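Take a look at the structure set out below.
The values are calculated or read from the model by the stated rules, or taken from the named source; none is laboratory data. Since the model is a prediction, treat every value here as computed from it, not as a measurement. Note: ideal-geometry Cβ built from the backbone for every residue, glycine included; neighbour counts use all protein chains shown. Heads up: the accessible areas ignore ligands, DNA and RNA and are worked out on the full protein's heavy atoms, side chains in. Shrake-Rupley method; radii C 1.70, N 1.55, O 1.52, S 1.80 Å.
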Amino acid sequence: SALRVGVVGVGVMGADHADRLVHRIAGATLVAVSDPDTARAAALAARYDGVRAIPDPLDLIADEGVDAVLIASPGFVHEEQVLACVAHGKYTLCEKPLTMDSESALRVVEAERKAGSPLIQVGFMRRFDPEYAEMKRLLEAGGLGRLLLVHNVHRNKSVGDSFRSEMIVRDSLVHEVDVCRWLFDDEIDTITVLAPKPTGRAADGILDPQVAIFRMAGGGMATTEVFVNSQVGYEVRCEAVAECGNVTIGLGQSVFVRRDNRYGGYIPDDFRDRFGRAYDLEVQAWVDACRRGDVVGPTAWDGYAAVAVCTAGMQSLATGQPVRVDLVDRAEVYGGADT
Ligand code: ISE
């Protein structure tokens with residue numbers, strides 16, 4: 001039978017996931033939604049057949065009619081909600097960030113381990129993007145030699161005035177943190193976050209753009225430009241530089257339009273356009289894994305490690321100095337077992 005999915009948080013991301021679960025995901029049925037804005041949740045539920053609006057997210061999580069939970073609420077309520085999912089033995093896809101700080105993220109990792117089996121996938125969807133997946137496949141095939149450097153560009157067209165400098169690290173750069181941990185198959189040992197004179201298009205006092213440097217534990221390095229008021233569109237590029245070759249993705253050269261003596265393509269406004277296929281593949285992989293009793297993709301440990309790196313990154317942003325990432329020993333957490 002189909003996996004009965006509940007969505008917690010139906011803002012921009014949660015509503016997009018609800019639509020994807022109804023229209024593009026096989027083997028799953030959207031059965032419930034929850035949001036503190038109960039009118040928004042009710043309106044969304046009314047758009048689909050057989051979907052209940054449950055005011056309290058903890059009631060949705062506990063509901064006997066919900067098999068698995070997709071958490072798309074704000075990061076500051078993730079800990080309580082993910083812990084509730086674990087307590088009820090519900091498979092969970094938790095949008096990034098896993099939680100807001102290392103201590104709470106570690107509590108989630110510990111709770112999942114004590115529950116006895118993995119339940120949590122974290123919403124680092126770029127691993128499912130066809131271009132990133134092909135880059136990873138090429139690097140793993142071995143023909144390019146050892147991965148030396150990764151260069152990332154991550155630009156949003158614009159963000160609201162409430163988007164603080166620290167959010168550029170915790171909410172945006174966090175994707176490159178997971179991408180680099182995944183491409184190198186390694187932990188980030190040190191992070192340095194620097195900022196040039198800010199763009200005049202950012203709100204007063206916001207350090208935008210930012211440049212981050214990751215030093216990997218195994219010796220690799222990564223550079224990332226994050227620019228959330230680029231005015232151009234949503235651009236995400238990545239270049240992997242290995243000993244015998246390099247791979248570049250995100251050039252967006254799919255369709256060229258020529259007219260009036262000009263040519264060019266289209267740069268989407270928003271991450272839901274650029275990564276729509278990645279989100280579809282991520283949620284389909286999650287549903288398929290839930291139905292076979294498995295967890296795929298970014299784990300609770302990956303979510304914790306990303307939070308720890310961003311915590312160090314925010315400290316570096318304040319000083320401009322390299323900051324060592326404070327990670328607990330993975331083998332101690334999992335008792336030497338593979339995670
Ligand atoms: C947003 O939360 C995302 O996850 C997007 O991928 C990122 O580009 C954007 O900057 C974040 O605010």
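For the reader, a short list of remarks on this structure follows.
- Computed with every protein chain present, the accessible area of THR29 is close to 60 Å² [probe 1.4 Å].
- The Cβ shell under 13 Å around GLY65 holds other residues with a net charge of -1, Lys and Arg each +1, Asp and Glu each -1.
- Computed over neighbours whose Cβ is under 14 Å from that of VAL108, the net charge equals -3, Lys and Arg +1, Asp and Glu -1.
- Positive dipole terminus of the chain, leading residue within GLY303, SER316, PHE163 (C-beta point charges): PHE163
- Farthest positive-ward along the chain dipole, Cα basis, beta-carbon charges - from PHE124, CYS85, VAL150: VAL150
- When only Cα pairs below 8 angstrom with a gap of at least 6 residues are kept, region 214-267 shows a relative contact order of 22 percent.
- Ordered by 1.4 Å accessible area with all protein chains kept, PHE128, PHE76 run largest first as PHE76, PHE128.
- Candidate lysines - alpha carbon under 25 Å from LYS157, same-chain residues fewer than 8 apart omitted: LYS96, LYS197
- Separation of alpha-carbon centers, region 81-119 and region 287-306, rounded to whole Å: 11 Å
- Over the chain, Cα pairs under 8 Å with separation of 6+ residues give a relative contact order of 19 percent.
- With every protein chain in place, the chain: carbon and sulfur % of accessible area (1.4 Å): 50 percent
- Rounded Å value of the spacing that divides the Cα centres of region 206-227 and region 140-202: 5 Å
- In order along region 236-246, phi translates into HN-Hα couplings of 10, 10, 8, 10, 9, 10, 10, 5, 10, x, 9 Hz, rounded to whole numbers, per the Karplus curve 6.51 cos²θ - 1.76 cosθ + 1.60 with θ = phi - 60° and x for Gly and Pro.
- Relative contact order of region 78-174: 25 percent, from C-alpha pairs under 8 Å at least 6 residues apart in sequence.
- Straight-line cross-link partners of LYS114 among the aspartates and glutamates, defined as a Cα under 14 Å from its Cα and at least 8 positions apart when in the same chain: GLU332.
- Estimated [θ] at 222 nm from DSSP helical runs (n ≥ 4, -39500 (n - 2.57)) normalised by residues in the chain, nearest 500: -10500 deg cm²/dmol
- For region 13-27, putting each phi into the Karplus relation 6.51 cos²θ - 1.76 cosθ + 1.60 with θ = phi - 60° gives couplings of 6, x, 5, 5, 5, 4, 4, 5, 5, 6, 10, 9, 10, 8, x Hz, in residue order, rounded to whole numbers and with x for Gly and Pro.
- Cβ-Cβ FRET estimate between ASP269 and ARG47, R0 fixed at 25 Å, reported to 0.05: 0.60
- In this Cβ point-charge picture (+1 for Lys and Arg, -1 for Asp and Glu), region 207-339 has a dipole of about 380 debye about its Cα centre.
- Sum of side-chain charges, TYR304 neighbourhood, beta-carbon under 12 Å (Lys, Arg +1; Asp, Glu -1): -4
- Computed with every protein chain present, the accessible area of GLU110 is close to 50 Å² [probe 1.4 Å].
- For the chain, the solvent-accessible area works out to 45 Å² per residue, with a probe of 1.4 Å and every protein chain left in place.
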